[in-house]
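Single-structure report; data block below.
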Ligand code: NAD
């Protein structure tokens, strides 16, 4: 049984209550690890450590020196990708071939922001006063609280940690209470790279205790949150306590639309990647599929045949295409939603049940439900599982209307060989990320984030780094004269 302590101020520490909680391997349903659960005192200690580090040694480093630390984090990820991948697979059930690849690719995010650390410049202003020289600089904000969900943790941590450190902030990362092991293995690696104590702190605990205390802590000035929309509402309320700058990366119910002139084989692969990749446990999962009426039957037939061939199994095996779901709660939530959808008229086309060929583990069949309208439960709400709702449309205008008719706006997929169609639709769709004739890609260069209930702020890309800074404006009086009437604003 693995036992993980909290990583605070460069040391491993048991929570002050000595309480531990357990994690279950979703492929075996067996308890495999325990985690020290942070309480109010531990959170306070972590934030104060980050604050002391912010005011101390870390703030004295030059930007390129901070960059070199980020490069070291990238190097250690690449060197330990297999180990990190195996741990993430054990804890979350996500396939090893993806977790291993991701751990290594995530290094690129650290390299990207390492390069940016010394390229964020201020400016000299063309000020409208002859005796003033005025310039701006970008300053770090202070202590960042990063709240991470259980899926894609290495990625969702990198897009917060790397720009935060590049700009000179310090951080407390709260790993989810579900499957936090990858972040504590990551802590073991960063512990070896010689960062000043307290620059990175990694804790875990329950959201409504540890998460709440962290995001309302008076010394926290920036909150970067990824998770569900209901939790986000708590985060915004918590931030009323410290008036932090908040960014929210939330859920989605992303539409994928196939026009009749699409390359069908490519579109089938796109749909498969969008909803069955990572067993649909992705915030950008393309869970609403719209098919133009002329190709509806043919496309669905081919999709069913592709779905039938998906290999479900041990997430550690290379040939596996879909592993288990991460938690039992997801499994039952998905079952309930499918049941309600069918009761309300949805037609089950494929799957819809637990995968019984494997006796242990939270496996669920890839599922396709045909829906007359997209107001049915499975077609409307985020399920975070391999459940695809399929609807028909007629023409571009209806496609746009349907794609936008949901409270979320994270991602969208458009498949068509007509570039006019793809450009018009991608412009009209209210989503932060649009994939044309492809799906499910990430890059440190490409901003990531949503519209509407999918949140605000962006992660990855050049502009993000500025979100971890504040502009300071400095006025310098160049006049030889003494200041005139001090009672009038100039
Ligand atoms: P969740 O909202 O339940 O939990 C996310 C994190 O918030 C956890 O660390 C949890 O402990 C913490 N938390 C819970 N209550 C809190 C509170 N009151 N105060 C502070 N923190 C609190 O989400 P989840 O189930 O772990 O993850 C799945 C969700 O995340 C889905 O909705 C998914 O779409 C979303 N997600 C979004 C993105 C994105 O980039 N847009 C990426 C991945 C996942």
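Name the shape class, rounded, prolate or oblate, that the alpha-carbon gyration tensor gives for the chain, where a ≥ b ≥ c are the square roots of its eigenvalues, rounded holds for a/c under 1.5, and otherwise prolate holds if a/b is larger than b/c and oblate otherwise.
Oblate.
Counting only DSSP beta bridges with both residues in the stretch 255-436, what percent are antiparallel, rounded to the nearest 5?
Within the stretch 255-436, antiparallel bridges account for around 15 percent of the total.
Report relative contact order for the stretch 103-206 in percent, whole number only (criteria: Cα-Cα under 8 Å, sequence separation at least 6).
Once normalised by length, the contact order is 26 percent.
Give the peptides 273-286, 388-401 in descending order of average Cβ contacts within 10 Å, highest first.
Highest mean packing first, the order is 273-286, 388-401.
Starting from 0.36 nm per residue, how many nanometres of slack lie between residue 466 and residue 60 once their C-alpha separation is accounted for?
Contour length minus Cα-Cα distance gives 144.2 nm.
Can you give the Rg/Rh ratio of the stretch 255-436, where Rg is from the C-alpha atoms and Rh is the Kirkwood radius?
Value, to two decimals: 0.95.
Between residue 41 and residue 407, what is 0.36 nm times their sequence separation minus the Cα-Cα distance? Round to one decimal in nm.
Difference between extended and current length: 128.0 nm.
Dividing the convex hull volume of the alpha carbon atoms of the stretch 70-201 by its residue count, what do you get in Å³ per residue?
Here the figure is 116 Å³ per residue.
With angles folded into 0 to 90 degrees, how steeply does helix 96-105 sit against the dominant principal axis of the chain? Use alpha carbons for both and round to 10.
Relative to the chain, helix 96-105 is tipped by roughly 30 degrees.
Estimate the FRET efficiency between residue 123 and residue 375 by the formula 1/(1 + (r/R0)^6), using the beta-carbon distance for r and 51 Å for R0, to the nearest 0.05.
0.55
Sorted by mean Cβ packing within 10 Å, highest first, what order do the peptides 446-452, 130-136, 36-42, 188-194 take?
36-42, 446-452, 188-194, 130-136
Normalising by the residue count of the stretch 255-436, find the relative contact order in percent from Cα pairs under 8 Å and 6+ residues apart.
28
Could you grab the relative contact order for the chain? Cα pairs under 8 Å, six or more apart, rounded to a whole percent.
Value for the chain: 18 percent.
Any chance you could list the semi-axes, whole Å, largest first, of the equivalent ellipsoid that the Cα gyration tensor gives for the stretch 16-104, using √(5λ)?
For the stretch 16-104, the ellipsoid semi-axes come out as 30, 24, 7 Å.
Can you compute the modelled spin-label distance between residue 193 and residue 241, with each label point 7 Å from Cα toward Cβ, in nm?
Rounded to a tenth, the inter-label distance reads 3.0 nm.
So, how do all the Cα-to-Cα distances of the stretch 137-176 break down into 10 Å bins, in percent, from 0 on up?
Reading the bins upward from 0: 31, 51, 16, 2.
What per residue convex hull volume, in Å³, do the alpha-carbon atoms of the stretch 221-294 yield?
Spread over its residues, the Cα hull of the stretch 221-294 gives 104 Å³ apiece.
Going by how many other beta carbons lie within 10 Å of each one, how would you line up 202, 312, fewest first?
Placing the least packed residue first, the sequence is 312, 202.
Which order results if 95, 483 are arranged by neighbouring Cβ count within 10 Å, fewest first?
By the 10 Å Cβ count, ascending, the order reads 483, 95.
Read-outs throughout are calculated quantities, based only on the coordinates presented, and are distinct from any laboratory measurement. Note that this is a predicted model, so its numbers are computed, not measured. Please note: Cβ atoms are built from the backbone with ideal geometry, for glycine as well, and neighbour counts cover all protein chains shown.
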